[in-house]
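Okay, so here's the structure we're looking at.
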Amino acid sequence: MTLTTGVRADADRHARLRRLALATLDANWEHDHTVPSRSLYPHQWSWDSAFIAIGLAHVRPDRAWRELRTLFAAQWVDGRVPHIVFNPASRAGPYFPGPQFWDSARADGSPARATSGIVQPPVHAPAAWLVHRRAPGEASVAALRRLYPRLVAQQRYLTGRRDAGGGLASIVHPWESGLDNSPAWDAPLAGVPADEAVMRAYRRHDTAHADAAQRPTDLDYARYVALVESYRAGRYRDDGLLGRHPFLVECPLVNAALGVSEYALARIAAVIGADPGPHRDRGARITEALVNRLWDPVTGTFRPRDVRADRLVPARTVLGLMPLALPELPAAQVSALLAEACSPRFGLAARMDRPLPTYDRTAPDFEPLRYWRGPSWINTGWLLWQGLRTHRRVDLAAGLRESLLDLVDRAGCHEYFHPDTGAGLGSPAFSWTAALVLDALAQE
Ligand code: 2M8
């Protein structure tokens, strides 16, 4: 290929991907928010909306702010941002578990709109900052000013009510990590009493729309249901969880996002005339707590801590690489994470021959088709790409970006991808895939 044909091929791919991504996001727009997928996820999801806003900022900035505004309008009085905001007008048929099951109305401080009672990784402050950076102006400063107190309340909820004592936030359900059936949760879930026969009483919505072999199992769902029932029984209060709730885990992704959010809030504070100092201090403290509580020097990676058993979980998943996004991560951890990412387990390289998996591909229980137990996902790739850029690993960042774009160019805006062949899996028109491709296209 000559230089000019190479440049033209790149420009063609860029235009093709942009058209596809924009069409996907437009088709998934639903009056005041974007659904992750029309069939599988017909409501608003918390961290999806943050990723979606980052992509929309490049093409529809007003809609990017609207997306975040709608989500934060459903914030609870205690500051939690619910992982699902239900759309009462949805025509997609019953999602399971739906609003009746969550029964948020009976909890203190829940909003008028029906929501779930749990959260997802707090990637919203960095998203708001990026939306402003991608499309700055008076309107974006006004939007930041409105969102700032809500983002601060979200942080306060997680660092306050969800702190089991070690300076990090705990999750009470695998859904809160966003990586629902990751092997990271196998050990802590093993202690959750559940019988898959209970699923006979419910109708799963996901397996009516996607291949069951690519989704969590019925036993996984029985445990998910048991954990919602346990948390709901206490009306989603967080006091005394250690004594009464069977799943309490400190997740490296959730806590990395928590730390990165403080640095994003510092930048937002500087723009709107608030004090950035306390945010930077909190960012540094969260980074320190992550290293103290979740760093495993033996394997050179971060691991979730099962708070109830007080031990690190054994599985090596992509979650462990996520703290690379922290700007003040000590050099020793940065180089160990790069070694882990570049090892045959994850295969990161300046020229990648296969996409980044979500689980150690050398593990005996690696499953190339099953959701978060192996397949490649664009959001975890994009988050790692952010970390590589933060620590100026230019070649590796370029290699990962190329791999992400190539995956979507070949297979389309799928929800996830086969980690060997790159074939598209799950929903074929998935919003955060489209949004993060738009962002990757715009940044070299
Ligand atoms: C998936 O999770 C939901 C439950 O929240 C589900 O399986 O029904 C996960 O991939 C999660 O990370 C994502 O936010 C959600 C919507 O895309 O789907």
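Each row is one residue, and each column tells you yes or no for (1) open to solvent by 10 Å² or more (accessible area, probe 1.4 Å); (2) assigned to a loop (DSSP other than H, G, I, E, B); (3) closer than 16 Å to TRP432 by Cα; (4) within 16 Å of the ligand (Cβ to nearest atom).
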residue: ASP12; (1), (2), (3), (4): yes, no, no, no
residue: ARG19; (1), (2), (3), (4): yes, no, yes, no
residue: ALA23; (1), (2), (3), (4): yes, no, yes, no
residue: TRP47; (1), (2), (3), (4): no, no, yes, yes
residue: ASP62; (1), (2), (3), (4): yes, no, no, no
residue: ARG69; (1), (2), (3), (4): yes, no, no, no
residue: ALA89; (1), (2), (3), (4): yes, yes, no, no
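Scan the range 25-41 for residues that are assigned to a strand (DSSP E or B), open to solvent by 10 Å² or more (accessible area, probe 1.4 Å) and either away from the ligand (no atom under 12 Å from the Cβ) or at positive phi (or both) and jot them down.
Those that are assigned to a strand (DSSP E or B), open to solvent by 10 Å² or more (accessible area, probe 1.4 Å) and either away from the ligand (no atom under 12 Å from the Cβ) or at positive phi (or both): TRP29, GLU30.
Going by the conditions given, is GLY79 on the phi > 0 side of the Ramachandran plot and crowded, with 16+ Cβ neighbours inside 10 Å?
Criteria met by GLY79.
Identify all residues within the range 298-309 that are open to solvent by less than 40 Å² (accessible area, probe 1.4 Å) and assigned to a loop (DSSP other than H, G, I, E, B); write none if there are none.
THR299, GLY300, ARG303, PRO304, VAL307 - these are the residues of the range 298-309 that are open to solvent by less than 40 Å² (accessible area, probe 1.4 Å) and assigned to a loop (DSSP other than H, G, I, E, B).
Can you list residue pairs whose Cβ atoms sit under 6 Å apart, with the first residue in the range 350-373 being closer than 17 Å to TRP185 by Cα and within 16 Å of the ligand (Cβ to nearest atom) and the second being modelled with pLDDT of 95 or more and open to solvent by 40 Å² or more (accessible area, probe 1.4 Å)? Count only pairs 6 or more apart in sequence or on different chains.
Once the first residue is closer than 17 Å to TRP185 by Cα and within 16 Å of the ligand (Cβ to nearest atom) and sits in the range 350-373, its partners that are modelled with pLDDT of 95 or more and open to solvent by 40 Å² or more (accessible area, probe 1.4 Å) give ARG373/GLU367.
Consider only pairs whose beta carbons are under 8 Å apart and that are at least six residues apart or on different chains; among these, list those whose first residue lies in the range 273-297 and is assigned to a loop (DSSP other than H, G, I, E, B) and whose second residue is open to solvent by 80 Å² or more (accessible area, probe 1.4 Å).
Listed by first residue and then by second, the contacts come to PRO276/ARG267.
Which residue pairs have Cβ atoms closer than 6 Å, lie 6 or more positions apart in sequence or on different chains, and pair a first residue in the range 330-343 that is in a helix (DSSP H, G or I) with a second residue that is of a type in the set (A, V, I, L, M, F, W, C)?
Within 6 Å, the pairs are LEU337/LEU321; LEU337/LEU324; ALA341/LEU321; ALA341/LEU348; CYS342/LEU348.
Among the listed residues ARG215, ARG162, ARG244, identify the single one that is basic (Lys, Arg), away from the ligand (no atom under 15 Å from the Cβ) and in contact (Cβ under 8 Å) with a residue 60 or more places away in the chain.
Testing whether each residue is basic (Lys, Arg), away from the ligand (no atom under 15 Å from the Cβ) and in contact (Cβ under 8 Å) with a residue 60 or more places away in the chain leaves just ARG162.
If you check ARG373 against the conditions, is it open to solvent by 20 Å² or more (accessible area, probe 1.4 Å) and under 20 Å from the mean Cα position of the chain (by Cα)?
yes
So how many residues does the range 165-187 have that are away from the ligand (no atom under 13 Å from the Cβ) and on the phi > 0 side of the Ramachandran plot?
2
Inspect all residues belonging to the range 103-116 and state whether any of them is touching a helix residue (DSSP H, G or I) at 6+ places or on another chain (Cβ under 7 Å) and assigned to a helix (DSSP H, G or I).
no
Please determine, by comparing only the residues of the range 405-429 that are away from the ligand (no atom under 15 Å from the Cβ) and charged (D, E, K, R), which one is nearest to LEU25 (Cα to Cα).
ASP409
Checking PHE346 against (1) in contact with a Pro (Cβ under 7 Å, 6 or more places away or on another chain); (2) assigned to a helix (DSSP H, G or I); (3) hydrophobic (A, V, I, L, M, F, W, C), which single condition isn't satisfied?
(2)
Report, by residue number, each residue of the range 195-212 that is assigned to a loop (DSSP other than H, G, I, E, B) and either within 10 Å of the ligand (Cβ to nearest atom) or β-branched (Val, Ile, Thr) (or both).
ARG204, HIS205, ALA210
When you go through (1) farther than 16 Å from TYR231 by Cα; (2) modelled with pLDDT of 95 or more; (3) open to solvent by 20 Å² or more (accessible area, probe 1.4 Å) one by one for ALA53, which number turns out not to apply?
(3)
What number goes with the only condition from (1) in contact with a Phe, Trp or Tyr (Cβ under 8 Å, 6 or more places away or on another chain); (2) hydrophobic (A, V, I, L, M, F, W, C); (3) assigned to a helix (DSSP H, G or I) that VAL192 does not pass?
(3) is the only condition that VAL192 fails.
Pairs please, first residue from the range 178-201 and within 27 Å of GLU415 (Cα to Cα) and open to solvent by 20 Å² or more (accessible area, probe 1.4 Å), second anywhere and within 16 Å of the ligand (Cβ to nearest atom) and charged (D, E, K, R), Cβ atoms under 7 Å, 6+ apart in sequence or on different chains.
GLU196/ASP218
Of the residues VAL249, VAL228, VAL271, VAL254, only one is more than 28 Å from LEU321 (Cβ to Cβ), of a type in the set (A, V, I, L, M, F, W, C), modelled with pLDDT of 95 or more and open to solvent by less than 10 Å² (accessible area, probe 1.4 Å); which?
VAL228
Under the condition of being surrounded by fewer than 22 Cβ atoms within 10 Å (Cβ to Cβ) and touching a residue at least 40 places away in the same chain (Cβ under 8 Å), which residue from the range 105-116 is farthest from the ligand (Cβ to nearest atom)?
Checking each candidate, the answer is ASP108.
May I ask you to say which residue of VAL119, VAL131, VAL152 is crowded, with 24+ Cβ neighbours inside 10 Å, outside any loop (DSSP other than H, G, I, E, B), modelled with pLDDT of 95 or more and not small (Gly, Ala, Ser)?
VAL131
From the residues in the range 430-444 that are surrounded by fewer than 22 Cβ atoms within 10 Å (Cβ to Cβ) and in a loop (DSSP other than H, G, I, E, B), which one is farthest from the ligand (Cβ to nearest atom)?
GLU444
The values are calculated or read from the model by the stated rules, or taken from the named source; none is laboratory data. Computed from a prediction, not measured in an experiment: that's the story for all the values here. Note that each Cβ is placed from the backbone with ideal geometry, even for glycine, and that neighbours are counted across all protein chains shown. When the accessible area is computed, the model is the full protein with side chains, heavy atoms only, and any ligands, DNA or RNA have been set aside. Shrake-Rupley method; radii C 1.70, N 1.55, O 1.52, S 1.80 Å.
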